[in-house]
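K.L.:
After the structure tokens below, expect a handful of questions from me.
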Amino acid sequence: MHNVDLAVDYVRRAEIRLRALDVLFEGESWADVVREAQETVELTLKALLRACGIDPPRVHDVSGLLVAERTRLPPALAEEIETLTTISRELRRDRELAFYGAEDLTPSGFYTREDAEQARTGARRTVELVKPHVLASAG
């Protein structure tokens, strides 16, 4: 499959995940909102990289690659790179903790509504910023 086709598929799937975030949020499953938001952001940023002809590595946070390849990204996103990298880094930090917890931490008891709101807002913002560029690359 061509990079652009994969990029469009990733964005489509990210949009579906945004709807899933709303369901999880309504169920007050704050940790699951955080985890799903991370996956949404990861898919979306990898879509952007693919649309720009960059094969993303198999890592959960591609913010370093976004910064390194800034000149290959759409100029309209240049001023948003810091926002996108911050969202990605913050959610990556919580990826495993939100899903598995730790010996002394239960995810459902640790994450709050505010954490979920911030994660969901970051995921929506990422898709909102990236989607037009990915779709434009598909022609």
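K.L.:
Between ARG113 and GLU128, with labels modelled 7 Å along Cα→Cβ, what's the label distance in nm to one decimal, could you check?
P.N.:
Computed distance between label sites ARG113 and GLU128 equals 2.1 nm.
K.L.:
Could you give each residue of segment 56-63 its phi-based ³J(HN,Hα) in whole Hz, using Karplus coefficients 6.51, -1.76, 1.60 with θ = phi - 60°, and x for Gly or Pro?
P.N.:
In residue order, the calculated couplings are x, x, 8, 10, 8, 10, 9, 4 Hz.
K.L.:
At 0.36 nm per residue, and after removing the present C-alpha to C-alpha distance, how many nm does the segment from ALA102 to ARG70 gain when stretched out fully?
P.N.:
That pair, ALA102 and ARG70, stretches by 7.9 nm at full extension.
K.L.:
Tell me, what HN-Hα J-couplings in whole Hz come from the Karplus equation 6.51 cos²θ - 1.76 cosθ + 1.60 at θ = phi - 60° for each residue of segment 14-29, using x for Gly and Pro?
P.N.:
Result, rounded to whole Hz: 5, 5, 5, 5, 4, 5, 4, 4, 5, 5, 4, 5, 4, x, 6, 9.
K.L.:
Follow-up question, since we're still on this one. Pop out the ³J(HN,Hα) list for segment 122-133 in order, Karplus 6.51 cos²θ - 1.76 cosθ + 1.60 with θ = phi - 60°, rounded to Hz; leave Gly and Pro as x.
P.N.:
Once θ is set to phi - 60°, the couplings for segment 122-133 become x, 5, 4, 5, 4, 5, 4, 6, 8, 3, x, 6 Hz.
K.L.:
As a footprinting exposure proxy, order LEU91, LEU21 by other Cβ within 10 Å, with the fewest listed first.
P.N.:
Result, fewest neighbours first: LEU21, LEU91.
K.L.:
Roughly how large, in nm² to one decimal, is the mean projection of the convex hull of the alpha-carbon atoms in segment 74-139?
P.N.:
5.3
Rule-based calculations on the coordinates, nothing more; no lab input. Everything quoted here is computed from the prediction, not taken from an experiment. Every residue, glycine as well, gets a Cβ built from its backbone with ideal geometry; the counts of neighbours run over all protein chains shown.
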